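Comments concern the structure below.
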Amino acid sequence: MKRGNRYRIYPNKEQKVLMEKHFGSTRFVYNKLLNIKSTLYRNCRISISEFDLNNHLLVLKEIYPWLKEINAGALQQASRNLNKAFTNFFNFGFGYPQRKSKKDHHFSFQLPQHYDLNVEKSEIKLPKFGWIKVKMHRD
């Protein structure tokens, strides 16, 4: 069983700006892919897979070049989260996936790989961010 822990991080000003870009971009991609998936099903009765949604990410990066500044793993994880939301809707009776909002105040993004943790210095290295100070309150 995998287990995760939450830690408080202390980014510098540049890292804060980059995090806000990640928050907004993953929300934007989630909403765009939700719109694509819903429109295709509503108009053509076509269900699009996660693989096809990831191919749409390439198109979105061409249309919106500022998405290239964001970690690709975070954008793919937004696609994965949308696919999981639809799986929960169809298989387990959860509600239809909703759009993400700026007013929600629950901002997050996931970086599934390529991180490094330095316990001695209490720092974590994230791709595109560099080393960020962490408050290590748990082993």
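With 74, 78, 85 as the choices, which residue is in contact with a Phe, Trp or Tyr (Cβ under 9 Å, 6 or more places away or on another chain), without any contact (Cβ under 8 Å) to a residue 40 or more places away in the chain, closer than 24 Å to residue 6 by Cβ and not polar (S, T, N, Q)?
Selected residue: 85, the only one of 74, 78, 85 that is in contact with a Phe, Trp or Tyr (Cβ under 9 Å, 6 or more places away or on another chain), without any contact (Cβ under 8 Å) to a residue 40 or more places away in the chain, closer than 24 Å to residue 6 by Cβ and not polar (S, T, N, Q).
Which residue pairs have Cβ atoms under 7 Å apart, sit 6 or more places apart or on different chains, and have a first residue in the range 15-40 that is in contact (Cβ under 8 Å) with a residue 40 or more places away in the chain and a second that is among the β-branched types (Val, Ile, Thr)?
Every condition considered, the pairs that remain are 15/132; 21/70; 22/70; 25/70; 37/48.
Among all residue pairs at least 6 apart or on different chains, which show Cβ distances below 9 Å where the first residue, located in the range 111-139, is free of Cβ contacts under 8 Å to residues at least 40 places away in the same chain and within 20 Å of residue 20 (Cα to Cα) and the second is surrounded by fewer than 14 Cβ atoms within 10 Å (Cβ to Cβ) and among the polar types (S, T, N, Q)?
Correct list of pairs: 125/118; 131/118.
Over 15 Å from the mean Cα position of the chain (by Cα), under 24 Å from residue 13 (Cα atoms) and in a loop (DSSP other than H, G, I, E, B): does that describe residue 133?
No; evaluated as a whole, the condition is false for this residue.
Mind checking which residues of the range 85-95 are under 18 Å from residue 110 (Cβ atoms) and touching a helix residue (DSSP H, G or I) at 6+ places or on another chain (Cβ under 9 Å)?
85, 86
Collect the residues in the range 1-45 that are hydroxyl-bearing (Ser, Thr, Tyr), under 18 Å from residue 110 (Cβ atoms), out of contact with any Phe, Trp or Tyr (no Cβ under 7 Å at 6 or more places or on another chain) and modelled with pLDDT of 95 or more, keeping them in residue-number order.
25, 30
The values are calculated or read from the model by the stated rules, or taken from the named source; none is laboratory data. Since we're looking at a predicted model, the values are computed, not measured. Every residue, glycine as well, gets a Cβ built from its backbone with ideal geometry; the counts of neighbours run over all protein chains shown.
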